1. Given H placed on each backbone N at 1.01 Å, which residues far from Ala255 in sequence or on other chains put an amide H within less than 5 Å of it?
2. Taking a ≥ b ≥ c as the square roots of the Cα gyration tensor eigenvalues, with a/c under 1.5 meaning rounded and otherwise prolate when a/b beats b/c, else oblate, which class fits the stretch 217-273?
3. Using a Förster distance of 56 angstrom, determine the FRET efficiency expected from the C-beta separation of Asp28 and Asp169, and round it to 0.05.
4. Compute the signed sum of charges (Lys and Arg +1, Asp and Glu -1) over the other residues within less than 12 Å, Cβ to Cβ, of Val156.
5. Take each of the peptides 66-72, 126-132, average the number of other beta-carbon atoms within 10 Å over its residues, and list them starting from the highest.
6. If the chain between Ser80 and Leu119 were fully stretched, how many nm would it gain, using 0.36 nm times the residue separation less the Cα-Cα distance?
7. For Thr314, what charge total do you get from the other residues with a beta carbon under 14 Å from its beta carbon, if Lys and Arg give +1 and Asp and Glu give -1?
8. With every protein chain left in place, what is the accessible area per residue of the stretch 38-135 in square angstrom, probe 1.4 Å?
Amino acid sequence: MGTSAPGPGWCVLVLVLLLDTCGAGGQDFQVLQPKEPVSVSAGDTLELNCTVPQRGPAGPVKWFKGSGGDRQLVHAETGSFPRVTKAVPNSLTDYSIHISDVRPEDAGTYYCVKFTKGLPDKEYRSGAGMMVSVSASPSAPSVSGPASRVEPGSPVNFTCTSKGLSPGDITVTWLKDGAKLPAQPLQILLENERDSYCVSSTLARTLTVGDIRSQLTCQIDEHSPRPAPLREAYSLSQALRVSPRPRLTTNYSGAVPVNEMVAFTCSLVGFYPNVARLTWMENGNETGPEKSPSPTENPNGTFSLTRTLEVRATEQRNQSSFTCRAVHDSQPPASVTRVLAVTATSNKMEEDKKEGVGAGPPATPQVTAAANQLHRTPERAAHRMFLGYRGAA
């Protein structure tokens, strides 16, 4: 009894198996990616999920960002890909990856793609793609003022900047001591291809002495779920310099009697910042005590400093010049000078003259009257004396 040949059913089964093994019948082969978009914060780790059936043609699985000819290779089984690792190493079905330290430029659509092995490898199936958005972590606002201090009355620009902002709907508010200032022009620039912006706002102000205790605040609001706006404060005292000229007074308004003590007082009132020094000079040579007193703070935040120099008004010091020299906050020195005039007569001698010192004892009223009478009629007195002499004879 001979062996019968296989029927037509066997031939169909073998053909289906061969087609499935070679990939020609891979219409049911799917690369599975989640359809929901993913949002991640900058600096976090992003997980991209992908599952590939084990059955199918031999060949690698690769990850791309974008599609078409401009797509960017993100991960493959061979090669170096910084910040990208396979989530489950050695798995033949789970091709999920991790991207660490996510950056704004990582935003985009990612595709998990199955290839058939060859020279070169050919794309076999692609996942539907996963859209990724990156919520940037903005930098703290930075407020800058003038490069050097300015005097009151000078116009000054203050600039507030911040980077890494997302989304692009951003407002900047300036406040002075908590009160809102008029809105200022705003410049918003796209830093990267997506979801990252740089903002800059400039405020023009004219400063006064009263601004020493005031501060500006730059407040940046993003119309996003961020819990609170970003703020940065700037003390206006950082931008101000108040440099008054020194004032010099003495305890004498005119010439000084010889050997009297003269007090020269130099004052520097209302300066800021608290960096000042007063020195005394006599005829161009520095004099006076070396130790300088400490400044005192005024109610408006400025400072005052006073130094007194006491000298004896000798004849040698007549027409000597006394100079107070003030140096404030590394500025050029400012000085004021007085010339000492010394008289030859002291106050004691003047007082003695007024009191009649050295003129003898005071005369009695009778003597004074007689003297006055004699002074008024000398001829009559002499005649009476002559008559009296004749009568005696």
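The values are calculated or read from the model by the stated rules, or taken from the named source; none is laboratory data. Bear in mind the structure is a predicted one, so any value in this text is a computation, not a measurement. No Cβ is skipped: glycine too gets one built from the backbone with ideal geometry, and neighbour counts run over all protein chains shown. These area figures cover heavy atoms from the full protein model, side chains too; ligands, DNA and RNA do not enter into them. Shrake-Rupley method; radii C 1.70, N 1.55, O 1.52, S 1.80 Å.
1. Here the answer is none, since no amide H 5 or more places off falls under 5 Å of that of Ala255.
2. prolate
3. 0.75
4. Local net charge: +1.
5. Sorting 66-72, 126-132 by mean packing, highest first, produces 126-132, 66-72.
6. Taking Ser80 through Leu119 to full extension adds about 12.0 nm, to one decimal.
7. -2
8. 52
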